[in-house]
Every structure is written in C-alpha cells, then in structure tokens.
Amino acid sequence: MARGDQPLLSQRASSEISNDRDLAEEDALLTGERINRTDNSQRWKSWREIGLFVWALLATSVVIILAVLYQKQHQSAEHGGSNPSRKRNLIFMVSDGMGPTSLSLTRSFNQFQNGLPWSDQLVIDQHLIGQSRTRSTSSLITDSAAGATAFSCGLKSYNGAISVLPNHDPCGTVLEAAKKAGYMTGLVVTTRITDATPACFAAHVNMRGEEDRIAEQLVGDYPLGRVVDLMLGGGRCHFLSNTTQGSCRNDGKDIVAMAKEEGFSYVDDRKGFNGLKSGAAVNLPLLGLFAETDIPYEVDRRNEDNIYPSLDEMARTALRALSDATKNSDKGFFLMIEGSRIDHAGHQNDPVAQVHEVLAYDKAFSSVLEFLEKDPVEGVMVSTSDHETGGLAAARQLHSTYPEYVWYPGPLANASKSSERLAVEYHQYLSGNPSDTTSYVQNAVAEGLGIHDASDAEISALVETPDLAAILFADMISRRSQTGWSTHGHSAADVNIYTSSRSAAAPLIGNHENTEVGEFLRNYLDVDVEAITKELKEKGVLFDTLGADGKSVSWMGRLPEVGERLDGQDHMGHYAGDFKKHKRCDICGV
Ligand SMILES: *[C@@H]1O[C@H](CO)[C@@H](O)[C@H](O)[C@H]1NC(C)=O
Ligand SMILES: *[C@@H]1O[C@H](CO)[C@@H](O)[C@H](O)[C@H]1NC(C)=O
Ligand SMILES: [Zn+2]
C-alpha cells in the first residue's frame, strides 16, 4: 500500500481543490478498487476537514445560542425576571391612605389585644420591599385620583384627575390594556366602586366628583366598551335612577339596567353575595354593589356581617371567580383590591377605625398570598398606598411640659364602634324626639368608646356641636391613647411597597416614584398601554355630547374651573355618615 500511495499523494498535491469524493473516485480508478486510507497524512487531512466542519457547526450553534440567550435576557430584563409569554396573574393591592405609622399603630394594637409578644408582626410586615414617593403634578401632597392615575397609567397628573393628564387627554390604563390583551379583569373595594382609586383603572373623567359618569363608564358606556369583568364593593346609589329609593344620581339614568344590557349579572345584598358561593357560582361579568355608598368600617361591619361582606370575602370571591374563568385561557387575570377606607379613618382622625381597617387589609393580603401559593399559574401580588392620610403619629404631646414617651393601645381596644358610626347614631337620636341629650351622649361615650372618665367639657361640646360629633368622638380616643394627627387631609409621606415575591417584583425594591409602580404593572403583564391611549383619543370624540347651552361636552366631563378644588374634600360628607349625603359638610375646614 505504501508504495502505491506515493505518486497519488504527489499528484494530489497539485489538485488542492479536490474534495473527498474526488479523492475516492480517483483512488478507485487507479487501483480498480476502493482504497483503504491508512496513511497518517491522509487521515490527518480527513480529520482536519471533519474538524473544520464540526468547528464551523459548533461556532454557528454557539452564535445562535448566544443570540437566543441575549434575546431572552433582554426580554426578561424588561419584564421583571421571567418569561413574559407564559400565562400570568397580577393582583395589585392598594391600601388607601396607609402610611408606615398605620402599621406601627396596628401592630402594637394587635399585640396588646391578643396578648402577643412584641416580636409579633402583621403578615404584611413580612413582605416589605420598598417605598413609593407620591407627589402629583399639582401638589407635593397627592389625592387618590392622581395617586391611582400614577398606578393605572404610569403617569403623573393633577389632584382630582381620573386617568386624564394635565392637558386633559385621556391616558390608557393597565386594566384596559390587559382586557384588550385577553386577560380577565376585576376591581374589589370597600368604598363606592365609583371612588377615585377603582375609577382610575376603567374610567376617564376630568374631575373625580363626576361619579355618576364614572358609573356609566365602568359598565361599558365609553369609548372602549366593557373592560371590567368583575366589580365588588359599595356605591350602589350612583347606579340607581333618581326616581328610585336609595339613588344619589342627578339624572334619571338606570345604570343597573345598562349593566344588565351589557351582560352583567347583578347582586346587591348579602344574600346575593352568598349565592356567589365564594366565587364558585359566579357568572361573569359580575356587578356586586353591597352598600348605598361606602361599606361600613370593619369595626362596625363585623357586627353587621349578615348585611355586608368583608374585604377578605370579596377578595377571595374575586380570586376564585377570575381564576376559574381563565382556567382554559392562555392569559390570566388582573385584579385590583383596595382597602379603601383606611384613608377615611385617617381623614376622620379615628385610630379605632384605622387599626381595624388595617387588620382587615392584612387579612385580605394574607388570602392573596395563600391563593398565589396554591395556584399553579405564575403570579405576583404588589401592594402599596396612594398616599398617607392624617399625618398620623404614634405619639402625642398633650401638655406644654416635656412629654412622656408613651403610646397606649388600650383605649383603642376598649372602643367597640367607629366615631363615624357613633355620630350617625347620635344624629338619628337627635332627629327623633330627643329628651335627655346629655345622658344620651354620656352613654354613647361609655358604651361605644369605652370611655368612663369623660370631662364635662367633652360632653358639653358633643351636646352643643353635634355636627362635629364624629371628630369629637375620635379626638377623645386619640387623646387617651396619645395618638397624634397633623391633618384631616393627606400628607406627603412616602408609603411602603410590599409583594408576594421579591424576585418577581425586583424592579420595585428600594425607593421609587409612584409612576414606577404603574410601569411595573404594565411590564409584568406585557401589555400595550399606549395603544389604548391612542384608541381612547380616536374614539372618544364619538362619545362627546351636547350640553344644555348647545356647546359640546367632553365624554370625560367638564373641565375644572380655575381655582376649583378637586382633591375630594367633598367626600368628607361621607365620613360624618349618610345623613350628610349630598350636602357639603360643615367640618371640611376643620
Ligand atoms: C331626575 O333627573 C332628571 C334629569 O334626568 C331631572 O329632570 C329630574 O328633575 C330629576 N328628578 C329628581 C326627583 O331629582
Ligand atoms: C377599658 O375598659 C375597662 C372596663 O370598662 C376599664 O376598667 C379600663 O380602665 C379601660 N381601659 C382603658 C385603657 O381605658
Ligand atoms: Zn383621602
């Protein structure tokens, strides 16, 4: 073999372009048979060519793999840590008006009332990841409308704006974009469903006070049609025609009838709620309105459980219903759950109402965690506040002498009713046939607040200025517990951010602008909010109407007048109870 191979090799040296097949053919022609290539050089060349081929293949593969990896990494960086094409659920919880001190107060109260050690935390405490800065475009102190617009649109606007921008253009919301992308959507609140926070997810008006218009938009009478699949909360009065008992509308429109035409099933009482079987018997879309205005504070509601469902029950019902409804979908759901009245307790400076509202929120928070742990679908919960309310302090200097370092949860534990409820009952008493108002007030203070050492000055203030009763009751408890309040309004304090998953909500770790919370929501769901903004602008003009003066009225309602207050101070009327409904309250300036 070695002999015959020599000339072949020298011949081949001149024909570099020959490929393996040429070589084999040539060998076969010369020898009459297929040669057995055992020559080292020949073997080397052959291996070299195979090597080159493999190397080229490997290099190409590596390039392809790197490209794919880069793309994946790029996507996951944009979408908060994992594959956005997978089915996902997002639960956004809002603790309206809850600042960090609300947690200190409630934690100490809970430890005191249940004899727990000082190391005991609320569930929510264990999920803290960051803080949100809350200012609006019009003030360092935001209201709930601008606050929720930052979450829903991911953009700053003025106090009073319901998902409209300072130039009065509408901005698309994460809920609207989620619906468009195929997600199911829900809103669960304890105030009116037409109040600022829920409204900002599925309505657009220039002034938050236009709750009649918001009700219409929520059931689908606006440029995008129906976008909410489930609504649970209060605010029935804005859905009833002004010819109906229990209405607070300024016109004769029947929004419940409109909702039913849009396909909504409707429940309006505890019996109807029970019929939903904790979500197992829900027909979506669903509208559930369980109170004329706001659902009572938890401290009062717990004694009226046969009338009103709790935040936790509504949250669990919504989770089950939306989860079941998306079982066979490749998209999950977006659900906003609000502990709406923590804010009201702050406005009213009522620490009793406050701690029970926060505990109710903590319970719903806990149920959401449990849902996410059990549910096979990937999901995350993010919880934050729109702002702090009341300028709450777990301290109070009662005298000019240097104060003792004390805060007492005891007086909160002794009270059994909210100051709001006590004031409503007091006004009902006064509107009857009052015989001995002083005794009535003394008794109310002892029974409702657990206060047995009321001063004559405190009692006579209640007797002489019944319109201030809610605030006077709350002040009696606040002083005895040495709870401090700096305002009946909101404050500019940073608020906390919590989550079910640090890794999924990694972009929200640390201190953030509230609009970054909004950006996280849309990114997590991978939805196109800008396309919604465009659609709202294009279709909106078709929904404008003619006013009485023949001028066009925007579908988002009239524009605020210069200097007009929009920040929701009107809803102070609700804090003093339903007897004040529709009237501007006397205590707003307090
Ligand atoms: C109800 O609203 C209509 C406008 O839709 C108004 O004309 C009427 O006076 C209102 N009725 C009452 C009782 O407020
Ligand atoms: C709570 O109520 C009990 C019984 O009425 C009373 O003895 C106690 O002093 C009250 N505690 C506070 C802190 O007011
Ligand atoms: Zn508020």
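Within segment 242-256, the only residue that satisfies the criterion of being within 11 Å of ligand 1 (Cβ to nearest atom) and hydrophobic (A, V, I, L, M, F, W, C) is Cys248. Leu422 - would you say it is touching a Gly at 6+ places or on another chain (Cβ under 9 Å), more than 16 Å from ligand 3 (Cβ to nearest atom) and not assigned by TED's automatic domain parsing to the domain that holds Asn303? Judged against the criteria, Leu422 is a match. Against the test of being crowded, with 22+ Cβ neighbours inside 10 Å, over 15 Å from the mean Cα position of the chain (by Cα) and either under 26 Å from Leu359 (Cα atoms) or in the same structural domain as Asp324 (by TED's automatic domain parsing) (or both), the options Cys153, Cys171 yield a single qualifying residue, Cys171.
Which one is surrounded by the most Cβ atoms within 10 Å (Cβ to Cβ) among residues in segment 203-254 that are within 16 Å of ligand 3 (Cβ to nearest atom) and assigned to a loop (DSSP other than H, G, I, E, B)? This residue is Arg208.
Select, from Ala504, Ala493, the only residue that is under 30 Å from Val529 (Cα atoms), within 16 Å of ligand 3 (Cβ to nearest atom) and not in a helix (DSSP H, G or I). Full working, then the answer.
Details: Ala504 fails: within 16 Å of ligand 3 (Cβ to nearest atom).
Testing whether each residue is under 30 Å from Val529 (Cα atoms), within 16 Å of ligand 3 (Cβ to nearest atom) and not in a helix (DSSP H, G or I) leaves just Ala493.
Here's the yes/no breakdown for (1) within 25 Å of Tyr297 (Cβ to Cβ); (2) over 22 Å from the mean Cα position of the chain (by Cα); (3) within 16 Å of ligand 2 (Cβ to nearest atom):
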| site | (1), (2), (3) |
| --- | --- |
| Val227 | no, no, no |
| Thr243 | no, yes, no |
| Gly272 | yes, yes, no |
| Leu276 | yes, yes, no |
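For segment 520-551, the set of residues classified as surrounded by fewer than 21 Cβ atoms within 10 Å (Cβ to Cβ), within 24 Å of the chain's Cα centre (by Cα) and either β-branched (Val, Ile, Thr) or on the phi > 0 side of the Ramachandran plot (or both) consists of Asp526 only.
Restricting attention to segment 260-282, does a residue exist that is in contact with a helix residue (DSSP H, G or I) (Cβ under 8 Å, 6 or more places away or on another chain), touching a residue at least 40 places away in the same chain (Cβ under 8 Å), farther than 30 Å from Gly540 by Cβ and among the β-branched types (Val, Ile, Thr)? Within segment 260-282, one or more residues are in contact with a helix residue (DSSP H, G or I) (Cβ under 8 Å, 6 or more places away or on another chain), touching a residue at least 40 places away in the same chain (Cβ under 8 Å), farther than 30 Å from Gly540 by Cβ and among the β-branched types (Val, Ile, Thr). Would segment 361-380 turn up any residue that is of a type in the set (A, V, I, L, M, F, W, C), in the same structural domain as Ile129 (by TED's automatic domain parsing) and not in a helix (DSSP H, G or I)? Checked against the condition, which is being of a type in the set (A, V, I, L, M, F, W, C), in the same structural domain as Ile129 (by TED's automatic domain parsing) and not in a helix (DSSP H, G or I), segment 361-380 yields at least one hit. When the helices (runs of 4 or more DSSP H) confined to segment 87-192 are screened for residues that are farther than 23 Å from Tyr222 by Cβ, those reaching at least 2 such residues are found at 100-114. Residues being surrounded by 19 or more Cβ atoms within 10 Å (Cβ to Cβ), aliphatic (A, V, I, L, M) and in contact with a strand residue (DSSP E or B) (Cβ under 6 Å, 6 or more places away or on another chain) are represented in segment 337-356 by at least one member. Hey, could you check segment 257-270 for residues that are assigned to a helix (DSSP H, G or I) and either modelled with pLDDT under 95 or within 25 Å of the chain's Cα centre (by Cα) (or both) and say which is nearest to Thr194 (Cα to Cα)? Within segment 257-270, the match that is nearest to Thr194 (Cα to Cα) is Ala259.
When segment 399-427 is filtered for residues that are farther than 18 Å from Val358 by Cα, away from ligand 2 (no atom under 15 Å from the Cβ) and assigned to a loop (DSSP other than H, G, I, E, B), the ones remaining, listed by number, are His399, Ser400, Thr401, Tyr402, Pro403, Glu404, Tyr405.
Tally time: how many residues in segment 188-246 are of a type outside the set (Gly, Ala, Ser) and free of Cβ contacts under 8 Å to residues at least 24 places away in the same chain?
The initial filter retains those residues of segment 188-246 that are of a type outside the set (Gly, Ala, Ser), namely 188-195, 197-198, 200-201, 204-208, 210-214, 216-219, 221-224, 226-232, 236-240, 242-245.
If we keep only those that are free of Cβ contacts under 8 Å to residues at least 24 places away in the same chain as well, we get 217, 240, 242-245.
Residues meeting the conditions: 6.
The lone criterion from (1) within 16 Å of ligand 3 (Cβ to nearest atom); (2) touching a Lys or Arg at 6+ places or on another chain (Cβ under 8 Å); (3) of a type outside the set (S, T, N, Q) left unmet by Cys200 is number (2). Hey, does segment 94-109 have a residue that's modelled with pLDDT under 95 and either surrounded by fewer than 22 Cβ atoms within 10 Å (Cβ to Cβ) or under 29 Å from Leu525 (Cβ atoms) (or both)? No, because not a single residue in segment 94-109 is modelled with pLDDT under 95 and either surrounded by fewer than 22 Cβ atoms within 10 Å (Cβ to Cβ) or under 29 Å from Leu525 (Cβ atoms) (or both).
Which residue out of Asp300, Asp305, Asp294 is assigned by TED's automatic domain parsing to the domain that holds Gly147, over 30 Å from Glu216 (Cβ atoms), at pLDDT 95 or above and not in a helix (DSSP H, G or I)? Give the steps one after another, and end with the answer.
Numbers: Asp300 fails: not in a helix (DSSP H, G or I); Asp294 fails: over 30 Å from Glu216 (Cβ atoms).
Within the list Asp300, Asp305, Asp294, the selection yields Asp305.
The values are calculated or read from the model by the stated rules, or taken from the named source; none is laboratory data. As the structure is a prediction and not an experimental result, all values here were calculated from the model. Methodologically, a virtual Cβ is constructed for each residue, glycine included, from the backbone with ideal geometry; neighbour enumeration extends over all protein chains shown.
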